[in-house]
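Trainee: Please see the structure below; I have some questions.
The values are calculated or read from the model by the stated rules, or taken from the named source; none is laboratory data. Here the structure is a predicted model, which is why all the values come from computation and not from measurement. Note that each Cβ is placed from the backbone with ideal geometry, even for glycine, and that neighbours are counted across all protein chains shown.
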Amino acid sequence: MTLNRAHNFNAGPAALPLEVLQRAQAEMLDYKGTGMSIIEMSHRSKEFEAMINETEADMRELLNIPANYKVMFMQGGASLQFSMIPMSFRPSGASADYIVTGTWSKKAVDEAKKLGNTRVAASGKETNFDRTPASLETDPNAAYLYYCSNETIHGVEYFEEPTPPAGVPLICDASSDFMSRPLDITKYAYLYAGAQKNVGPAGVVIGILREDLLERAPANLPVMLDYKTLAAEKSLYNTPPCFSIYMVGLVMKWLKNLGGLNAMQTRNQQKAGLVYNAIDQSGGFYKGHAQPANRSLMNITFRLPTESLEDQFASEAKKNNLIGLKGHRSVGGMRASTYNAVEMESVQALVQFMQEFQRKNG
Ligand SMILES: Cc1ncc(COP(=O)(O)O)c(C=O)c1O
């Protein structure tokens, strides 16, 4: 059977490595001689426990996570974190600082406001979220400083984390650039990511939490909203998202085989570089949304001269097997998501298509 895999530029759920899908397919009917798939067995079985432990160990190795950090596999999507973070890490009466760089950090700040004192330490709104703010007005007494390392919709990425005042914990939504490059986890008190961009299917959120933060959580939190439960029970307090965790585990093996996060970073820089080059060399036909210093390596956002050309671009791209290029409905334009699993070959096909489209319509 010949495979007709799409050039997949979806923003999430997004492309997964072919090898990972094939391995899942091969193991679907009989996982390691058990006579059943991983999603048909107890999450208390020794096979499942071995799998989740190995997934965590591989992630710790790839990210160099110190022993005083917990790794949690959670449900509720990255969006539930918007509520859990202030509930757990902002003590009653205290205020928390947020940097707003686009849709996702705005959603986080709105949720935090519902629950207590919240300050915006900086916002990119004035420049239509095309860059990370140059200066911060941080509160030295803030419970934490929150930011989003990659705004998936606007295509704006931080390449160096913002610096909170001394003693203020840094919290990050890394949903759309998690494990796309190395990061120094010791700079963060808490970092989380939905899996469905770079590391697996939807359904699981990975949280990496410095243990001392757990002491802040009030005693009366609902059990499923309490990081203490999740951390103490090693993500097995209740039935976890078994299949999603298994797939994340396979992606960890794939990342290790490819040479880890340094190798992945080089690959991602090369891929995004090709598309940004095509934008820059188009003489203004394609216009990138993000300022060059903050151009996301994961979500490349750009516009064409008119909306009708944008529609035409998306529909002709689709006919050429280039899928998922329409920008988010809230901002319009085009967006090419070039996550870890998107192959160079797909990016080359996109660039060629962009050049041809301009030749015909420019
Ligand atoms: C940066 C970022 N944060 C949070 C979310 C919300 O994730 P979920 O749909 O898993 O709640 C998304 C979704 O695309 C995202 O890109």
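Trainee: Every residue in region 167-192 that is more than 8 Å from the ligand (Cβ to nearest atom) and not in a loop (DSSP other than H, G, I, E, B), please.
Mentor: Leu170, Ile171, Cys172, Ile185, Thr186, Lys187, Tyr190, Leu191, Tyr192
Trainee: Kindly establish whether Leu191 is touching a Cys at 6+ places or on another chain (Cβ under 9 Å) and without any contact (Cβ under 8 Å) to a residue 24 or more places away in the chain.
Mentor: The answer is yes for Leu191.
Trainee: Taking the stated definitions as given, is Lys106 basic (Lys, Arg) and within 14 Å of Tyr146 (Cβ to Cβ)?
Mentor: Spelling it out, Lys106 is indeed basic (Lys, Arg) and within 14 Å of Tyr146 (Cβ to Cβ).
Trainee: Take the residues in region 205-214 that are of a type in the set (A, V, I, L, M) and part of a helix (DSSP H, G or I), then tell me which one is surrounded by the most Cβ atoms within 10 Å (Cβ to Cβ).
Mentor: Here the answer is Leu213.
Trainee: Within 29 Å of Ala26 (Cβ to Cβ) and either assigned to a loop (DSSP other than H, G, I, E, B) or away from the ligand (no atom under 16 Å from the Cβ) (or both): which single residue out of Pro164, Pro240 fits that description?
Mentor: Every option except Pro240 fails the conditions.
Trainee: A follow-up question, please. Applying the selection to region 10-41, what residues are of a type in the set (Val, Ile, Thr) and either over 23 Å from Ser346 (Cα atoms) or assigned to a loop (DSSP other than H, G, I, E, B) (or both)?
Mentor: Once the filter is applied, which keeps residues that are of a type in the set (Val, Ile, Thr) and either over 23 Å from Ser346 (Cα atoms) or assigned to a loop (DSSP other than H, G, I, E, B) (or both), region 10-41 yields Thr34, Ile38, Ile39.
Trainee: In this structure, does Ala14 turn out to be of a type in the set (Gly, Ala, Ser), modelled with pLDDT of 95 or more and over 30 Å from Thr163 (Cα atoms)?
Mentor: yes
Trainee: From (1) buried (at least 23 other Cβ atoms within 10 Å of the Cβ); (2) within 12 Å of the ligand (Cβ to nearest atom), pick out the condition that doesn't hold for Ala202.
Mentor: So Ala202 meets the others, but not (1).
Trainee: When you scan region 215-251, how many residues do you find that are crowded, with 17+ Cβ neighbours inside 10 Å and aliphatic (A, V, I, L, M)?
Mentor: Selection size over region 215-251: 8.
Trainee: Now for a different question. Confirm whether Ile245 is in a helix (DSSP H, G or I) and not hydroxyl-bearing (Ser, Thr, Tyr).
Mentor: yes
Trainee: Can I ask one more? Taking the options Val120, Val109, name whichever one is buried (at least 20 other Cβ atoms within 10 Å of the Cβ) and away from the ligand (no atom under 12 Å from the Cβ).
Mentor: From the options Val120, Val109, the qualifying one is Val109.
Trainee: Which condition breaks for Thr118 when tested against (1) in a strand (DSSP E or B); (2) modelled with pLDDT under 95?
Mentor: (2)
Trainee: For residues that are among the polar types (S, T, N, Q) and within 16 Å of the ligand (Cβ to nearest atom), tally how many sit in region 40-89.
Mentor: Residues of region 40-89 that are among the polar types (S, T, N, Q), as a first pass: 42, 45, 53, 55, 64, 68, 75, 79, 81, 83, 88.
Then keep just the ones that are within 16 Å of the ligand (Cβ to nearest atom); that gives 75, 79, 81, 83.
Residues in region 40-89 being among the polar types (S, T, N, Q) and within 16 Å of the ligand (Cβ to nearest atom): 4 in total.
Trainee: Also, I was wondering about something else. Cβ contacts < 6 Å: first residue in contact (Cβ under 8 Å) with a residue 24 or more places away in the chain, restricted to region 108-126; second residue part of a loop (DSSP other than H, G, I, E, B) and loosely packed, with under 15 Cβ neighbours inside 10 Å, any location; separation 6+ or different chain. Result?
Mentor: Partner pairs satisfying both residue conditions: Ala121/Glu137.
Trainee: Can you name every residue in region 145-170 that is touching a helix residue (DSSP H, G or I) at 6+ places or on another chain (Cβ under 9 Å) and at positive phi?
Mentor: Gly155
Trainee: How many residues does region 273-309 contain that are over 21 Å from Thr127 (Cβ atoms) and part of a helix (DSSP H, G or I)?
Mentor: 8
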